[in-house]
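Beneath this line is the structure, given in structure tokens, with notes to follow.
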Amino acid sequence: MKKLYIKNFGCQMNEYDTSRIVEQLRVSRGYQRTDMPEQADLVLFNTCHIREKAEEKLFSELGRLHKLVATARQAAGQEPALFGVGGCVAQATGEDIFRRAPYVRLVFGPQTYHRLPIMLDRLQREDGHLCDAEIAPESKFDELPQSQEVGPIASVTVQEGCNKFCAFCVVPYTRGREWSRPVADILQEVRHLVAQGAVEIQLLGQNVNAYQGMDSSGLTHDLALLIRKIALLPGVERIRFVTSHPADMTDDLVEIFADIPQLCTYFHLPIQSGSDRILQRMGRGHSREAYLEWIAKLRAIHPDMAIASDFIVGFPGETEEDFQETLRLVEQVSFDHAYSFCYSARPGTQAATLPDPVPSQVSTARLALLQERLNFHQLLRNQQRVGHIEEVLVEGAAKKGSGELTGRTPGFRKVNFPGPAAWIGQIIPVRISEGLPNSLRGHALNSP
Ligand code: SF4
């Protein structure tokens, strides 16, 4: 049995792509996934291009792993393993990867991984290397086998690419233009995943609320209508979607939280900066005020709505006053969760050539201050869950503490609590007894 070692970097869409790659190579070429790279015949990296650090991390990890695998296989008298790089770095840099890492023989993009079996066959027959990083005309989804190894939470990509061209972002260049999957294909994949045991369906998109898919009658569905259709499918107990853009918000996307009981009360809505001046420089296409109005509407429609966001500090031209605007917005919204980073210039993006760079020590200091406030609010909002009963979807055994389980609330908070392994994959009502910085603790209402 041939062995595959695959390392994933970056976002949930990369995780989704990685799981489809594993499944496809298992079904089509008999590869079995291994966590031990030195055992692997095929070593793949599914990469992220969002920040410089991510790209540098890739090449140092590639070098380290190649040395480890080459030594082990030589000692065992085996053929060298085949190394391949996929994902957004592959899409953005293509053949240049062969120059930086000459032992890599295969480069493929997020839109061409459905061609991997054929590419591998060719590399078995011929020497040299192969790069296929085009934005494929045919839909990869039509070529991929259905997932067989499905956990309690299953992801479904509904939309790919982005037309927003935010000044700091590489996604429109690495994932192409916005494209929405046909409604029938999504419903069919959800039915299959539920039949395989999925309890929660996570709908994924770079700009998931830009979804505009067609059904067989030619009717265009936005995300709200798609979710209404998915909620009607038997066995769908929970629905969640990430990641939305403030400029694509609609009132219906708020109202569905009142109509659809399966919809998890979690909304990931990146703001990036609290300053209108910086939002404009970033080309975000919305104002601070418009953003706050959507937050108010979301919290009004469901009191338990958990709001998550993304922040970038140190964007070119950001003044101390712009940064103070971001801090004031954080105090005003009190986010349940947030991702935050220093601005990282990406080759080919508009911002990469903008004047007035923010010195890195200023950027780092601002990030530390911002994260201190974000963590303060995350802890505060976790502590406010004490005494509440949360419907926890049990994902598995907790890392720490024997006899403990871990799972997620509708607000995407992690909860650890005592309980039997038999509850894995079930939704268990848990009374919250403690709010911690990154998780909650509690006890099942019907303790065994
Ligand atoms: S909306 Fe902006 S940040 Fe998000 S993927 Fe598109 S270009 Fe990137």
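The values are calculated or read from the model by the stated rules, or taken from the named source; none is laboratory data. Here the structure is a predicted model, which means the values were calculated and not measured. Cβ: placed from backbone, ideal geometry, glycine included. Neighbour counts: every protein chain shown. SASA here: full protein model, heavy atoms, side chains in, ligands and nucleic acids out. Shrake-Rupley method; radii C 1.70, N 1.55, O 1.52, S 1.80 Å.
The charge dipole of the stretch 389-444, taken about the Cα centre with unit charges on the Cβ atoms of Lys, Arg (+1) and Asp, Glu (-1), comes to about 140 debye, rounded to the nearest 20.
Backbone phi angles across the stretch 427-439, fed through the Karplus curve with coefficients 6.51, -1.76 and 1.60 (θ = phi - 60°), yield HN-Hα couplings of 9, 10, x, 10, 7, 7, 10, 8, x, 10, x, 10, 6 Hz in residue order; Gly and Pro are listed as x.
In this structure the amide hydrogen of Tyr339, modeled in the peptide plane, comes within under 5 Å of the amide hydrogens of Ser309, Asp310, Phe311, none closer than 5 places in sequence on its chain. Dipole orientation for the chain: of the candidates Asn46, Ile135, Phe257, Asn46 has the Cα lying most toward the positive pole (charges on Cβ; Lys, Arg +1; Asp, Glu -1). Taking amide H atoms as placed 1.01 Å from N in the peptide plane, the amide H of Val392 lies under 5 Å from those of Ile428, Val430, each 5 or more residues away in sequence or on another chain.
Dipole check for the chain: with +1 at the C-beta of Lys and Arg, -1 at the C-beta of Asp and Glu, and the Cα centre as origin, the magnitude is about 1020 Debye.
Considering only Asp215, Asp336, Asp322, the Gaussian network model of the chain with Cα springs below 10 Å gives its largest mean-square fluctuation to Asp215. Derived value for the chain: Kirkwood hydrodynamic radius 23.5 Å. Basis is the mean of 1/r over every pair of different alpha-carbon atoms.
Surface composition of the stretch 3-138: carbon plus sulfur atoms contribute 49% of the solvent-accessible area (1.4 Å probe, protein chains only, all chains present). For His268, the amide hydrogen comes within under 5 Å of the amide hydrogens of Ser244, Ala308, counting only partners 5 or more places away or on other chains and with H modelled in the peptide plane.
Highest GNM mean-square fluctuation among His129, His268, His245, for the chain modelled with Cα contacts below 10 Å: His129. Working note: 222 nm ellipticity from helices only, DSSP H runs with n ≥ 4, each -39,500 (n - 2.57), summed and divided by the residues of the chain, gives -11000 deg cm²/dmol to the nearest 500. For the chain, DSSP calls about 35 percent of its internal beta bridges antiparallel. Surface analysis of the stretch 3-138 yields an accessible area of 45 Å² per residue, using protein heavy atoms and a 1.4 Å probe.
Each part reduced to its alpha carbon centroid, the stretch 165-236 and the stretch 75-119 end up 29 Å apart.
Rolling a 1.4 Å probe over the protein chains gives Arg29 an accessible area of about 80 Å². Heavy atoms of the protein chains alone define the surface here; on that basis the stretch 152-383 has 38 Å² accessible area per residue at 1.4 Å probe size. Rolling a 1.4 Å probe across the protein heavy atoms gives the stretch 389-444 an accessible surface of 46 Å² per residue. Considering only Ile227, Ala352, Leu68, the residue lying farthest towards the positive end of the dipole of the chain is Leu68, judged by Cα position with unit charges set on Cβ. Farthest toward the positive end of the dipole of the chain, out of Leu292, Ile271, Gly396, is the Cα of Gly396, where the dipole comes from beta carbon charges about the Cα centre. Which one of Ile301, Ile312, Ile97 has the biggest mean-square fluctuation once the chain is modelled by GNM with Cα springs under 10 Å? For the chain, modelled as a Gaussian network with Cα springs under 10 Å, the answer is Ile301. When all protein chains stay in place and ligands, DNA and RNA are ignored, the 1.4 Å accessible-area order of Lys67, Lys414, largest first, is Lys67, Lys414.
Computed on the stretch 1-124, with alpha-carbon pairs under 8 angstrom and 6+ residues apart, the relative contact order is 25 percent. Would you work out the relative contact order for the chain, in percent, from Cα pairs under 8 angstrom that are 6 or more residues apart? Relative contact order for the chain comes out at 10 percent. Based on the alpha-carbon gyration tensor of the stretch 3-138 and its eigenvalue square roots a ≥ b ≥ c, which shape applies: rounded if a/c is under 1.5, prolate if not and a/b is larger than b/c, or oblate? Cα axes put the stretch 3-138 in the rounded bin. Ligands, DNA and RNA left out, the accessible area of the stretch 251-388 computed with a 1.4 Å probe is 55% carbon and sulfur.
Each Lys and Arg Cβ is given +1 and each Asp and Glu Cβ -1; about its Cα centre, the stretch 256-388 then shows a dipole of about 220 debye. Of the cross-linked pairs Lys57/Lys229; Lys53/Lys229; Lys7/Lys297; Lys2/Lys57; Lys229/Lys399, which ones have a Cα-Cα span greater than 31 Å in the structure shown? Too far apart for the 31 Å limit: Lys57/Lys229; Lys53/Lys229; Lys7/Lys297; Lys229/Lys399.
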